[in-house]
1. Given Lys55/Lys155; Lys315/Lys448; Lys55/Lys319; Lys63/Lys392; Lys392/Lys431; Lys61/Lys454, which pairs have Cα atoms separated by over 28 Å?
2. Just to be sure I understand: of the beta bridges DSSP finds with both ends in the chain, what percent are antiparallel, rounded to 5?
3. For a quick check of understanding: with a 1.4 angstrom probe and all protein chains in place, what accessible area in square angstrom does Arg388 have, to the nearest ten?
4. Rounded to a whole number, what is D in µm²/s for region 40-113 from Stokes-Einstein with the Kirkwood radius over alpha-carbon pairs (4 °C, 1.567 mPa s)?
5. Given labels modelled 7 Å from the Cα in the Cβ direction, how far is it in nm from Arg284 to Arg466?
6. When the solvent-accessible surface of protein heavy atoms is calculated with a 1.4 angstrom probe, in what order do Val292, Val24 fall, highest first?
7. With +1 on the Cβ of every Lys and Arg and -1 on the Cβ of every Asp and Glu, and nothing else charged, how large is the dipole of the chain about its Cα centre, in debye rounded to the nearest 20?
8. Would you compute the Debye intensity of the chain from its alpha-carbon atoms alone, equal scatterers and no solvent, and pass along log10 I(q)/I(0) at q = 0.07, 0.08, 0.09 Å⁻¹ to two decimals?
Amino acid sequence: MPAQHSPNDAHAAIVGGHDKALIVDFGSQVTQLIARRVREAGVYCEIAPFQSADKAFDELKPKAVILSGGPCSVTEAGSPRAPEKIFASGLPILSICYGQQTTAVQLGGAVEGGHAAEFGRADIEIVETSALFEGLWNVGERHPVWMSHGDRVTKLPAGFSVKAVSENAPFAVASDEKRKIFTTMFHPEVVHTPDGGKLIANFVRNVAGLKPDWTMAAFRGEAVRAIRAQVGEGRVLCGLSGGVDSAVAAVLIHEAIGENLTCVFVDHGMLRMGEAEEVVRLFRDHYNIPLVHVDASETFLGELDGVADPEGKRKIIGKLFIDVFEAEAKKIASDGKGAPAFLAQGTLYPDVIESVSFTGGPSVTIKSHHNVGGLPARMNMKLVEPLRELFKDEVRALGRELGLPDVFVGRHPFPGPGLAIRLPGGVTREKLEILRRADAVYLDEIRKAGLYDKIWQAFAVLLPVRTVGVMGDGRTYDFVCALRAVTSVDGMTADFFPFDMNTLGRAATRIINEVKGINRVVYDVTSKPPGTIEWE
């Protein structure tokens, strides 16, 4: 039997041959967007919190470094700094907002507070040429950008010169071209800086010279080899949720190890209407992969009875999933071919980095239903997470590369805990059925309007309030249903979908007429900034 390698070995096998960029995170809400822009340029990158950036720099061996923005002020004692070895390395560096400020201070410049701040849209004027602007911006031009700063650089380090200015940022872009250190006061990673993605691509590909070889076609082959090296001839149990992540993970693993994979689909009683039947039918029709369908709804709903705290729900659901997988592993072992030694799941890169708290705050709970940190020792199984280097849109691209049908690749994301987190308050069978029916009507109207593929995620929420209404000649006292639909690329940020009122009106009217227990429907038009949790 071949040697079994650790997940760290698998990670190294996948990313080892690529040119890499390291992003040092100082706590910005949009650090993940920097990584997305780098990946979009075809370059592999990883994010490391500033506290562990020294170690990450040594392990990753990057060919370029990007310093993110952040909420702190460099004028405060004990505020974050970049490892000195980054500046001493001679590697190309791009420093953004807070990154610009700590770069200035660490290299002998100065930063002050108390000046006019800039938050939101601003225009910069290009005053000198720079390698960062090559083929993009020219001297004398003005370009819109997105600013978010209170402090500003007041003295540049030796060797730096000003490349662009704004009304309140005399050093909007400053660089030491000889040392290839480039700093921007604005945020090029956000969509509000129209040319920002091109600017970041220019840095990693043209200035730093990194090869744009991070493609899903290349990843597919590398991941298959890594899975084989990690698993050997062992058996793998894959938790199949029906979403795109677990479906892609299952097909990828099956390509690597064939019949040694068994998928387990757990119906916990909180799925959408017809979801269980659809997932089982679609997967069995398209793939010759052993699939076990477990109806554990009674167990899950029994344990959730009376639990209103959203984090409590997540922890119960996560524990019960493990219990089910453990029981199924024992059943599979009864065929005499050995017990599964591995549990596979569709962990993504945002799952990994969101599960590491930046400042000891609440981000550690974001993925508490996901076994990102490992499995209970009693399971005697190791995790296989072949997608943990990928963002959601990369997973979709990989799914297409693997030949998955659009019905899988294009599915809206649906959380592992299912309707439990679309149901604030206690979970009951009655409320689940009300929500399930409302949700089905809503999605039906979206599909009829031809909007499903234009929306990243849509769902209904049963609010924990009742209102008095009049239906016909009688009064009602029923629940309020909230409808949510957002546009996004990978779920890190999202904006509400601008429905026309006719579509919303049809959905609301049908829900009130067809779903007993709801007498009012509202539409949620809030946007989702990075790092926030919705409807939990």
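The values are calculated or read from the model by the stated rules, or taken from the named source; none is laboratory data. This structure is a prediction, so every number in the text was calculated from the model and none was measured. Using ideal geometry, Cβ is built from the backbone for each residue, glycine included, and neighbour counts are taken over all protein chains shown. What goes into the accessible areas is simple: the full protein's heavy atoms, side chains included, and nothing from ligands, DNA or RNA. Shrake-Rupley method; radii C 1.70, N 1.55, O 1.52, S 1.80 Å.
1. Values: Lys55/Lys155 30 Å; Lys315/Lys448 37 Å; Lys55/Lys319 33 Å; Lys63/Lys392 25 Å; Lys392/Lys431 31 Å; Lys61/Lys454 39 Å.
Checking Cα-Cα distances, Lys55/Lys155; Lys315/Lys448; Lys55/Lys319; Lys392/Lys431; Lys61/Lys454 exceed 28 Å.
2. Numbers: 35 of 72 bridges.
Restricted to the chain, the bridges split so that about 50 percent are antiparallel.
3. Arg388 has an accessible surface of roughly 70 Å² with all protein chains in place.
4. Details: Rh = 13.0 Å.
It diffuses with D of about 99 µm²/s by this estimate.
5. In this crude label model, Arg284 to Arg466 measures out at 4.1 nm.
6. On the way: Val292 45, Val24 0 Å².
Accessible-area ranking of Val292, Val24, largest first: Val292, Val24.
7. Numbers: 58 positive and 67 negative charges, 50 e Å.
In total the dipole reaches around 240 debye.
8. -0.45, -0.59, -0.74
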